[in-house]
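These notes are about the structure you will find just below.
The values are calculated or read from the model by the stated rules, or taken from the named source; none is laboratory data. The structure presented is a predicted model; accordingly, all values stated were derived computationally and were not measured. Methodologically, a virtual Cβ is constructed for each residue, glycine included, from the backbone with ideal geometry; neighbour enumeration extends over all protein chains shown. Quick note on the areas: whole protein, heavy atoms, side chains included, nothing else; ligands and nucleic acids left out. Shrake-Rupley method; radii C 1.70, N 1.55, O 1.52, S 1.80 Å.
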Amino acid sequence: MSGTRSIGIRSALVSVPVVLGLLGAAAPAAPAAPSVGPRPGASLTCRGEGVVPDALVRHRTEIVINAPLRTIWKLQTDVERWPSWQGPVESVERLGHGPLRSGSAFRWTLPIPPNPSTPATSLEITSTVRQIKHHACIRWTGPAIGEGLRIDGVHVWNFTEVRGGVRVSTEETHAGPQVEADVPTANMLLREGLEAWLRDLKAAAEAPAGTPPR
C-alpha cells in the first residue's frame, strides 16, 4: 500500500468515528466510566447467532444501567426516537411498522464532516434485525455506506438483570476494505463508538422522569 493511500484511508476513518461504532460520538469519546469496559469470555449471541467469528475489526463492551429493563429496552428498540438521546444520529426511518421483530429494517443517517481527503457527506446505514428475544437480546446486520466508504457490520446486544440494574452487553464486528486497511485505528474507533453508545443509553435511561430529551 502506498503512503498516500494509507494516509487517505486513515483520514477517512478518523473523519467518521461514529461510523465505526455504527453510532458513537461525533468527536473522540471521553474516557469511559468505570462501569464500561471489555469483558472476557465467549462472544455474545442472540438465539444462537453472533458476530463474525474471524473478523479483524471487533469490540465487546458492557455497562450496568440503574433503570428498569423495560425502560432500557424501549429506548433501544424505539429506533425512530434515537435522535432524541443520541446526538450523532441525524435521522431514522423505519422500513416497516410495529415493534421490532425478526426481519424488521430501519435506515438511519449520520453526518460526516469534511476532511483533507473527503468532502462533507452523510453516512447511510441500513440495519436489518436477524434475531430478537423480548427484553433479552437483539442481533442486526447491515451495510454503512458513505463517500468512498463501506462497512458491513454485525451487531449483537444482550440485556441481563443484575444487582444494581441491568447489564447491557454489546459486541460488533466490521468488514470492508477501508477498515481492514487500518485495523488498529478501526478497532480503536469501534471501541470509542460502542462505549459512547452505552454511555448515552445509560444517561437516557437513568434520567429523572419528565427530563426532556437532549
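Between Ser102 and Val162, what FRET efficiency comes out of the Förster formula 1/(1 + (r/R0)^6) with R0 = 25 Å and r the beta carbon distance, rounded to 0.05? E between Val162 and Ser102, to the nearest 0.05, is 0.40.
Taking a point 7 Å out from the Cα of Thr211 in the direction of its Cβ, the residues of the stretch 42-77 whose backbone N falls within less than 12 Å of it are 66-67. Within 12 Å, Cβ to Cβ, of Ser122, how many net charges do the neighbouring residues add up to if Lys/Arg are +1 and Asp/Glu are -1? So the surrounding residues net to -2. Counting charges near Gln131 (Lys, Arg +1; Asp, Glu -1) among other residues having Cβ under 9 Å from its Cβ returns a value of +3.
What is the sum of charges, Lys and Arg at +1 and Asp and Glu at -1, for the other residues whose Cβ falls under 13 Å from the Cβ of Val92? All intermediate terms of the calculation are to be shown ahead of the outcome.
Working: positive: Arg81, Arg94, Arg107; negative: Asp78, Glu80, Glu90, Glu93, Glu124.
Charge balance in the 13 Å sphere: -2.
The apolar share of the surface of the stretch 52-210, taken as the fraction of accessible area on carbon and sulfur atoms (1.4 Å probe, ligands and nucleic acids excluded), comes to 53 percent.
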